[in-house]
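The values are calculated or read from the model by the stated rules, or taken from the named source; none is laboratory data. What you are looking at is a predicted structure, and each value in this text was computed from that prediction instead of being measured. Glycine also receives a Cβ, built like all others from the backbone with ideal geometry; neighbour counts cover every protein chain displayed. Accessible surface areas use protein heavy atoms only, side chains included; no ligands, DNA or RNA. Shrake-Rupley method; radii C 1.70, N 1.55, O 1.52, S 1.80 Å.
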Amino acid sequence: MHALVATVVHHPEDARILHRQIRALLDAGHTVTYVAPFRECGVTPWNELRSVDVPRASGRERLSALRAARRVLAEHAPGADLLLFHDPELLLALPAKRPVTVWDVHEDTAAAMLTKPWVPGPLRRPLGFMVRSFERRAERRMRLLLAEEGYRSRFRCPHPVVPNTTEVPEAPARPPGDDRIVYLGHVSLARGAREMIELGRLLRPQGIRLEVIGGADAGVRPLLREAQQEDALTWYGFVPNDRALRMCAGALAGLSLLHDTPNYRHSMPTKVVEYMAHGLPVITTPSPVATKLVTERREGPSGLVVPFGDVPAAAEAILRLRADRELRHRLAETGHHIAQTSYHWPVQARAFVKQLEEWADEAAGPTAPRIPRQRSDESPATSEDDHTYLT
């Protein structure tokens, strides 16, 4: 199977797109052409991929990226067996002639509109209604994959769920320490940027450093730079997921201070599962899904829950973990066990690849010859032609 995978919004090294889904397709012996903003993000594509560069869509600067994506998809779609795209914006750029098309629904886009800083306030709700209309039309025209069980209610028909799980090591690289806390993921106001900065300022005199690993919204970057200049935190910017997770190892705790917004109420923060997988106690605000995972599992708690927006409570929870070595080790061990038994990505990877194969086969028809799949232990042939850059 030849899969054409496209994004103009996400970083090319996005954990779900590249490190999980594309990696799973390659390991299953399939060919992947990956359309993404490589140059703009300073990323060198994997040699195993056929890569096509496009501009990145960010803030209100989206039109040129969509035009480029429309041109690229029209060129490459006829030679693919399946088109998998990851941005709702690309609904406006799909070519008429294309293979079976799959939209991987990452978030509640309409709810997310309520917190997007680049969307003018008066337009947020009307745009949300427009997005819902696009979703209903898309459901009739293509296949959907959902990243959360909670997204099912947005659609009229049932669709497969490929949750944001993660690779779980047999054992954490290091036990939780006592001198630093980490945040992994994109940074925005709705994801607790101001609270984390204030928390870093509170904890620095206590000998605990906050490390922030991830890109940030334009309006948040100056706040992070200022806090870093004050030595209140260390901000690394975007780091590829595999390396970012190694950086998290041995931290006192992992933070998830999401606000109480519609987009987060029924979503599992991937970072929470990643912290658990790598042996970190979790500090989270009480979004329903996160609370259930962190405090209500039969195996026991894997972290502490603090009220929305309550920085002193978050600081108190972290200091409690530092003072109680037995507690933080117990939470870390429980979290790793839960992640290993319930959230290990390879289990989902097999189901993901199988679903795409079935959809591609159905579209090809019963008489179409099946292309032999390369074994996962074979190195795919590559050439200079595997990398196509468009300006």
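Of all segments of the chain bounded by GluC sites (Glu not before Pro) found in a DSSP loop with no more than 14 other C-beta atoms within 10 Å, the longest spans 1-106.
Note on Gln228 and His186: with the Förster distance fixed at 22 Å, the Cβ-Cβ geometry gives a FRET efficiency of about 0.80.
Among Pro281, Pro172, Pro158, the largest mean-square fluctuation in a Gaussian network model of the chain (Cα springs under 10 Å) belongs to Pro158. The mean sequence distance of close C-alpha pairs (under 8 Å, at least 6 residues apart), as a share of the length of the stretch 129-264, puts its relative contact order at 27 percent.
With contacts taken as Cα pairs under 8 Å and at least 6 residues apart, the stretch 198-269 reaches a relative contact order of 28 percent.
Just checking the listed ones, Phe238, Phe308, Phe155: in the Gaussian network model of the chain with Cα springs under 10 Å, the one fluctuating most is Phe155.
Hey, could you get me the Stokes-Einstein D for the stretch 160-201, Kirkwood radius over alpha-carbon pairs, 37 °C and 0.692 mPa s, rounded to whole µm² s⁻¹? Diffusion coefficient, whole number: 240 µm²/s.
Helical runs (DSSP H, four residues minimum) scored at -39500 (n - 2.57) apiece and divided by the length of the chain put the mean residue ellipticity at 222 nm at -11000 deg cm²/dmol. Solvent-accessible area of Arg137, all protein chains in place: 110 Å² (probe radius 1.4 Å, heavy atoms, ligands and nucleic acids excluded). Just how much of Trp235 is accessible, in Å², when a 1.4 Å probe is used and the result is rounded to the nearest 10? Ignoring ligands and nucleic acids, Trp235 comes out at about 50 Å².
Here r is the Cβ-Cβ distance between Val239 and Gln340 and R0 is 22 Å; the resulting FRET efficiency, rounded to 0.05, is 0.40. Excluding ligands, DNA and RNA, the accessible surface per residue across the chain is 45 Å² with a 1.4 Å probe.
Among the protein heavy atoms, those of Asp178 account for about 80 Å² of accessible surface (1.4 Å probe, every chain in place). Accessible area ranking (1.4 Å probe, heavy atoms, ligands and nucleic acids excluded), largest first, for Lys354, Lys271, Lys97: Lys97, Lys354, Lys271. Working from Cα pairs under 8 Å separated by at least six residues, relative contact order for the chain is 18 percent. Projecting the Cα positions of Ala65, His10, Ala317 onto the charge dipole of the chain (unit charges on Cβ atoms of Lys, Arg, Asp and Glu, taken about the Cα centre) puts Ala65 furthest along the positive direction. For the chain, the longest principal axis of the Cα atoms and the long axis of helix 193-203 meet at an angle of about 30 degrees. Post the alpha-carbon centroid distance, the stretch 297-364 to the stretch 1-62, in whole angstrom. Using only Cα atoms to place each centre, the spacing works out to 26 Å. Semi-axis lengths, largest first, of the ellipsoid equivalent to the chain are 36, 23, 20 Å, with √(5λ) applied to each eigenvalue of the Cα gyration tensor. For the chain, the carbon plus sulfur part of the accessible surface works out to 51%, probe radius 1.4 Å.
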